[in-house]
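No value in this document is a laboratory result; all are computed from the given coordinates. Here the structure is a predicted model, which means the values were calculated and not measured. Because the Cβ atoms are built from the backbone with ideal geometry, glycine has one as well, and the counts that use them run over all protein chains shown.
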Amino acid sequence: RVALKLDPSLPAQYYLGAALARKGDYEAAREILAAIPRNDRQYDPAQRLLADIQSRTSTAGGDKLFLDAQVQLQNERYGLALKEFEQALAQAPHAKWARNADVSRAICLEKLGRTQEAETALETLSADPSARSNVELQLAFVELLYDTARGEAALKRVDDLITAVADSPETHLWRARVLLQLNRVDEAGHAAEKAVKLQPESPAAHNLLV
C-alpha cells in the first residue's frame, strides 16, 4: 500500500500516477501522467514526475547494458561490447560506472583496429590524473602504439605505467614485447623474466624467453 500526502489543489489523476510510480509500475504511471493536458494545474508536477521516472528507468537500463557489455568484452566480442557500452553511456552518461565504460569503449575501439578513434579516446581519458595507474587503459594505449610501429612512444608509456604500478605482470610482458620491436633483445629478456617472476603460470611471458 502506498501512502501519499495529498495536496487538495491537485486532482487525483496526478496522485494515481505518483502512486503507480512508487510501486514501480512506470509504464502505467507514464500513461496516466502523459495524458494530463497542458492547461491542467496537474501538468507541471506531472511533467516533473515524468522526468524523474525517465531518469530512473534510463539509469536502470544503462546499468543492465553496462553489465552485459562487460561480459561481451571479457569474451572478446568487441563489436557487441562497443555497441552496448555506447548505448549504456547514452542512457546514463553520469552513472557511477560511466568512467569505466568510457575506458572499456576505448579498449574495444583499439581491439577492433579503429585506430584513429581509439587514439582520440585514449588521449582524452589519459588526461585524467587517475589514468596514470589504470593498467587496462594504459596497456590499450601501449598496444595501439606498438601496432602502429611507434615503439619509443610505447616504451615511454609502459615505463611510466611501471613507475605507477610496479607489480603488474602484464605491464612487464608488454615492455618485453616493445623492447623486442626495438631490437633491444637483452632488455626484453629481462622484462620477460620479471613478468614470469610476477606470474609464473603466464605462457606468453615464457614464450618470449624461448
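Give the shape of segment 101-174 as rounded, prolate or oblate, defined through the alpha-carbon gyration tensor: a ≥ b ≥ c are the square roots of its eigenvalues, a/c under 1.5 means rounded, and otherwise the shape is prolate if a/b is larger than b/c and oblate if not. Walk me through the numbers on the way to the answer.
Details: a/c = 1.71, a/b = 1.25, b/c = 1.37.
Oblate shape, in that a/c is at least 1.5 and b/c is the bigger or equal ratio.
At a Förster radius of 30 Å, what calculated FRET efficiency corresponds to the Cβ-Cβ distance of residue 128 and residue 47, to the nearest 0.05?
After rounding, the FRET efficiency stands at 0.25.
Which pairs in the list 96/197; 64/111; 156/197; 23/83; 83/194 are over 25 Å apart, alpha-carbon to alpha-carbon?
Working: 96/197 36 Å; 64/111 23 Å; 156/197 22 Å; 23/83 32 Å; 83/194 37 Å.
From 96/197; 64/111; 156/197; 23/83; 83/194, over 25 Å: 96/197; 23/83; 83/194.
Connecting C-alpha atoms closer than 10 Å in a GNM of the chain, tell me which of 35, 46, 127 has the biggest fluctuation.
35
With springs only between Cα atoms under 10 Å apart, run a GNM on the chain and tell me which of 130, 168, 104 wobbles the most.
130
Check each of the trypsin sites (Lys or Arg not before Pro) in segment 146-210 and keep only those in coil by DSSP with at most 16 other C-beta atoms within 10 angstrom; list them in order. Kindly include the intermediate steps, with their values, before the conclusion.
Numbers: sites: 150, 156, 157, 175, 177, 184, 194, 197; in loops: 150, 184.
Hits after loop and neighbour filter: 150, 184.
Which value in Å does the Kirkwood hydrodynamic radius of the chain take, with 1/r averaged over all unlike C-alpha pairs and then inverted? Don't skip to the end; give the middle numbers.
Values: mean 1/r = 0.0488 Å⁻¹.
After inverting the pairwise mean of 1/r, the radius is 20.5 Å.
Any idea what log10 I(q)/I(0) is at q = 0.09, 0.10 Å⁻¹ for segment 79-203, Debye with uniform C-alpha scatterers and no solvent?
-0.27, -0.33
Scanning the chain for GluC sites (Glu not before Pro) in DSSP loops with at most 13 other Cβ atoms within 10 Å, what's the longest stretch left with none?
Numbers: sites that count: 76, 201.
In the chain, the maximal stretch lacking such sites is 77-200.
Pick from 12, 90, 118: which is most flexible by mean-square fluctuation in a GNM of the chain where alpha carbon atoms under 10 Å apart are linked?
Its mean-square fluctuation being the largest, the pick is 12.
Provide the descending list of Cα extents for segment 67-119 along its principal axes, expressed in whole angstroms.
Principal extents (largest minus smallest coordinate, Cα): 27, 23, 14 Å.
Once every DSSP H run of n ≥ 4 in the chain is given -39500 (n - 2.57) and the sum is divided by its residues, what mean residue ellipticity at 222 nm do you get, rounded to the nearest 500 deg cm²/dmol? List each step's numbers first, then the result.
On the way: 11 runs with 153 residues, N = 210.
It comes out at -23500 deg cm²/dmol, rounded to the nearest 500.
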